[in-house]
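A.B. asks: This structure is in structure tokens; I'll ask about it shortly.
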Amino acid sequence: MPYLYQIPIYNGIKMNGFIKNTLIITSSFLLLLSIIVFAVLWSFSNNIPDYKFLKSYKPPVSSKVYSGKGDLVADFSSEKRIFVPFSSIPKNVINSFLSAEDKNFFSHPGVDAKGVLRAVINNTKNLMTSKRLEGASTITQQVAKNFLLTNEVSLNRKIKEAILAFRIERALSKERILELYLNQIYLGSGSYGVAAASLEYFDKSIKELNYSEAALLAALPKAPSKYNPYKNIKLAKFRRDLVLQNLYENDFLDFDKYQNLKKQDINLKKTKKVFLEDAQYYIEDVRKNIIEKLTYEKVYKQGFNVNTPINLELQKFATESLRNGLIKYDKRKGWRGPIINKKYNNLWSKNLEKYELEKSIGWEIAIVKKLNQFSAIIETKDKFEGIIEYQNISWTKKEFEELLNLGDIIYVKKIDNSKYSLMQVPIINGGIVVMDPYTGRVLALSGGFSFKSSEFNRATQASRQPGSAFKPFVYALALENNYTPTSLVLDAPLVLDQGSDLKLWKPENYGKKFYGPSTLRVGLEKSRNLMTVRIAQNLGIKTLADFSEQLGIYENPEELLSISLGSAETTLLKLTSAYSAFVNGGKLVKPIIIDRIQDSEGNTVINNENRKCINCDQISFTSKDYPQIKDNYKQIFSPQTAYQVTSLLEGVVKRGTGKKLKKLKLNLAGKTGTTNENTDAWFIGFTSNLVIGVYVGMDNPKSLGKYETGSKTALPIFESFVKKAIKKSDARPFKVANGITMMIVDSLTGQKAKFSSKNTIMEGYKSKNVVGGKVLYSNSNRLDSNNILKFY
């Protein structure tokens with residue numbers, strides 16, 4: 001019995017020891033594990049990025065450019081994004097993303113334990129069935145990853161992500177975390193954030209989205225490229241329907257609404273981009289300008305709103321007119337050959353991207369497949385087959401067999417279903433500028449045939465000699481110095497000594513003829529070189545050089561008489577801007593391509609408005625103190641001189657080098673310009689409310705060819721634009737300035753017109769120079785017995 005009694009005592013002692021040892025080992029293990037976990041967390045915590053900047057963080061936002069009428073024409077951004085505060089994000093968008101990404105977002109502390117457990121169980125099953133593993137990242141974890149970590153797939157990153165999530169939750173409100181997430185997340189097609197994606201896929205503000213559309217956006221973060229509706233609409237709908245199901249299961253939708261939304265197709269609508277191709281030269285100048293003022297970093301990340309004067313309709317007309325004018329010139333010079341030659345096969349259209357032009361030009365790249373005496377069979381890059389017939393190559397003045405070879409890569413323009421015309425990129429280039437003469441606002445600008453082919457802007461970057469287009473400023477200075485439109489100046493040979501280091505200068509008229517004493521009006525209308533040089537000589541070359549600088553035409557011009565004939569260099573934009581003074585009463589305006597820039601909060605950063613509204617702060621206008629718009633533009637010459645030059649330039653259109661425009665029967669004024677050897681061709685013209693400048697020339701200056709003057713090459717571009725853009729009601733008669741007396745005279749002699757004269761015109765004189773119906777001339781030491789001012 002005693003023996004039997006001792007056995008359980010021994011076993012009990014043994015079992016107690018075992019339990020004790022087990023507890024010691026377990027406790028030691030847990031302690032060691034805790035130490036290890038603490039050490040790991042402490043180690044990771046020391047290497048975790050600073051998250052505190054998220055409190056005040058603003059994601060990079062694109063700067064947007066708008067036309068004068070408020071159309072979006074461009075955006076400058078490293079990422080396409082529009083920042084929207086949490087308070088402006090509608091509930092249906094928030095609910096959709098929570099249902100798709102993190103339904104427990106408002107209840108977990110940064111990491112969702114339930115979600116992690118569910119993912120572990122599901123992933124165990126997925127591993128056994130070779131299915132894709134699912135994640136358990138909360139929205140807070142995604143914020144941590146997107147802002148502070150990389151996309152590296154590793155345990156290291158997941159631990160850091162979890163630690164950051166806990167810390168972010170303690171530092172930021174749930175609303176702030178969700179605001180960061182919804183503005184930062186990539187949603188495909190280059191769109192970052194819900195606002196940009198809403199415009200990209202539906203052309204809507206997020207406030208206009210319904211649950212079906214919001215669910216599609218919420219479906220994208222999982223795999224933006226895979227579920228992109230532009231790439232795979234069926235897969236996108238499948239994923240959207242899953243989000244709708246989650247919305248129903250989370251009680252955001254009732255059953256009937258859920259079923260109704262599931263049946264709806266995805267209706268996409270891209271944002272309407274009004275601009276692009278026809279305005280690229282203008283937009284690029286705007287971009288360079290604001291980067292120079294605000295820096296690249298700010299422009300591409302701080303979301304400025306840039307208002308410009310660009311008028312998209314006028315811009316289209318300007319671009320079309322310039323291109324058509326350059327093509328017409330090029331066709332006069334004949335065919336220069338194909339782009340390249342390639343062997344015809346299924347891959348012939350590869351590696352031709354650098355030759356592609358803007359779609360608005362309307363040309364296609366094609367290869368010659370077959371040739372015969374009367375036609376060529378071509379195939380376009382889009383694999384359409386067509387034919388070029390003889391009448392569509394007649395401008396080349398060649399036969400098909402000497403014009404093309406099999407495999408030639410060429411440009412073609414579609415005429416109808418299968419007929420095409422042969423085209424080639426013009427060898428010349430040019431620019432066109434359209435301005436408001438009263439403010440300097442640039443309404444349209446194009447700097448070349450194709451921005452894709454060449455980004456060099458001939459309107460703002462090409463410094464060229466303006467030739468005779470400068471002459472109106474010589475005549476304006478003369479009229480400011482007591483000349484009249486009927487002052488007589490000798491048109492005769494002239495040889496001038498320009499200095500000890502320079503050759504004698506012998507200027508000549510175009511055509512090398514001389515016409516004797518002629519009025520100022522005739523001198524400008526007929527663009528007489530010798531008369532212009534004599535006037536400049538009398539005024540003084542320094543006076544003329546200083547005047548051209550004040551007008552902003554030249555910078556530090558050499559004091560040579562040849563500048564009176566436009567021998568110094570300027571740009572089309574500067575010259576067009578200077579011509580504005582003739583229309584606006586002699587005031588100097590500077591070209592404006594940016595009206596105003598505001599930051600993302602609506603604060604004005606830059607404002608180029610140079611006018612002020614007087615009495616605009618009046619509450620009522622019962623008195624006579626009506627609002628008045630006043631400007632602070634510099635008066636560069638008198639309003640009377642401005643009108644007189646305008647009248648002279650009207651004569652250029654009616655009787656002079658611009659008389660091809662007379663058939664338009666509009667109130668127009670302007671001046672042609674042609675440089676030596678026909679290197680550059682110009683026409684600057686205006687109506688009562690628009691100034692239009694045109695320049696044509698080679699990028700590497702050389703002769704445009706015999707007879708290729710401003711009248712033949714540049715003026716037709718001006719004419720084409722005016723036909724498209726100017727109505728008769730827009731071209732009102734030019735306003736006669738106060739202090740002008742009108743008299744009937746003979747335009748050739750300047751004398752009182754006889755009844756039988758065919759050259760009768762109404763001439764404008766400054767009233768101070770008219771007494772008793774007669775013109776008084778000053779500079780009496782230079783007057784002959786007939787009161788005629790002459791220079792020999």
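The values are calculated or read from the model by the stated rules, or taken from the named source; none is laboratory data. These figures come from a predicted structure and were not determined experimentally. With ideal geometry, Cβ positions are generated from the backbone for all residues, glycine too; neighbour counts draw on all protein chains shown. We work out accessible area using only protein heavy atoms, side chains counted, and drop any ligands, DNA or RNA first. Shrake-Rupley method; radii C 1.70, N 1.55, O 1.52, S 1.80 Å.
A.B. asks: Mind pulling the angle between the C-alpha long axis of helix 471-480 and the longest principal axis of the chain? Nearest 10 degrees, somewhere in 0 to 90.
C.D. replies: Its long axis makes an angle of about 60 degrees.
A.B. asks: Roughly how many whole Å is it from the C-alpha centroid of segment 378-408 to that of segment 730-779?
C.D. replies: Answer, in whole Å: 59.
A.B. asks: Let me ask another. Relative to a virtual label point 7 Å from the Cα of S703 in the Cα→beta-carbon direction, which members of segment 331-351 show backbone nitrogen distances below 18 Å?
C.D. replies: Flagged as within label range: 332-334.
A.B. asks: Same structure, new question: What is the angle, in °, between the Cα long axis of helix 312-332 and the longest principal axis of the Cα atoms in the chain? Nearest 10 is fine, range 0 to 90.
C.D. replies: 60
A.B. asks: Now a separate question. Could you give the nm distance between label points at Q391 and L23, where each point is 7 Å from its Cα heading toward the beta carbon?
C.D. replies: The answer from the label model is 10.9 nm.
A.B. asks: To continue, here is another question. Report Rg (one decimal) and Dmax (nearest whole number) for the chain, counting Cα atoms only, units Å.
C.D. replies: In order Rg, Dmax, the Cα atoms of the chain give 38.4, 168 Å.
A.B. asks: Excluding ligands, DNA and RNA, what is the solvent-accessible area per residue of segment 555-687 at a probe of 1.4 Å, expressed in Å²?
C.D. replies: Accessible surface, normalised per residue, equals 48 Å².
A.B. asks: Let's see if you can work this out: charge +1 on each Lys and Arg Cβ, -1 on each Asp and Glu Cβ, no other charges. What is the dipole magnitude of the chain about its Cα centre, in debye to the nearest 20?
C.D. replies: Here the chain has a charge dipole of around 1200 debye.
A.B. asks: Please report, in Å, the Rg and the Dmax of segment 437-515, where both are computed over Cα atoms only.
C.D. replies: 19.1, 51
A.B. asks: Grab the Cα-Cα distance for D546 and S88, subtract it from 0.36 nm times how many residues apart they are, and report the gain in nm with one decimal.
C.D. replies: 159.1 nm
A.B. asks: Taking only protein heavy atoms into account and a 1.4 Å probe, give the accessible area per residue of segment 159-264 in Å².
C.D. replies: Values: 4470 Å² over 106 residues.
Per residue, segment 159-264 has 42 Å² of solvent-accessible surface.
A.B. asks: Assign one of three labels to segment 600-753, namely rounded, prolate or oblate, based on the Cα gyration tensor with a ≥ b ≥ c the square roots of its eigenvalues; rounded applies when a/c is under 1.5, prolate when it is not and a/b is larger than b/c, and oblate otherwise.
C.D. replies: In terms of gyration-tensor shape, oblate.
A.B. asks: Which translational diffusion coefficient, to the nearest whole µm²/s, is obtained for segment 248-353 from the Stokes-Einstein equation, given a Kirkwood hydrodynamic radius over C-alpha pairs, 4 °C and 1.567 mPa s?
C.D. replies: 63
A.B. asks: Largest first and in whole Å, give the semi-axes of segment 489-562's equivalent ellipsoid, each being the square root of 5 times a Cα gyration tensor eigenvalue.
C.D. replies: In descending order the semi-axes read 22, 17, 10 Å.
A.B. asks: What angle, in degrees between 0 and 90 and rounded to the nearest 10, separates the Cα long axis of helix 572-583 from the longest principal axis of the Cα atoms of the chain?
C.D. replies: Relative to the chain, helix 572-583 is tipped by roughly 60 degrees.
A.B. asks: Here is a follow-up. Which percent, nearest 5, of DSSP beta bridges in the chain are antiparallel? Kindly include the intermediate steps, with their values, before the conclusion.
C.D. replies: Details: 77 of 86 bridges.
Among the beta bridges of the chain, antiparallel pairing accounts for roughly 90 percent.
A.B. asks: Which ³J(HN,Hα) values in Hz, rounded to whole numbers, follow from the phi angles of segment 550-564 under the Karplus curve 6.51 cos²θ - 1.76 cosθ + 1.60, where θ = phi - 60° and Gly and Pro get x?
C.D. replies: With the stated coefficients, segment 550-564 comes to 4, 6, x, 7, 10, 10, 6, x, 5, 7, 10, 4, 5, 5, 5 Hz.
A.B. asks: Per residue, how many Å² of accessible area does segment 695-748 show with a 1.4 Å probe? Before the final figure, lay out the partial values.
C.D. replies: On the way: 2740 Å² over 54 residues.
Spelled out: the 1.4 Å probe surface of segment 695-748, per residue, equals 51 Å².
A.B. asks: Stokes-Einstein at 4 °C, 1.567 mPa s, Kirkwood radius from Cα pairs: D for segment 419-460 in µm² s⁻¹?
C.D. replies: D, rounded to a whole number, is 107 µm²/s.
A.B. asks: How big is the Rg/Rh ratio for segment 146-230, C-alpha atoms only, Rh by Kirkwood, two decimals?
C.D. replies: Here the Rg-to-Rh quotient is 1.03.
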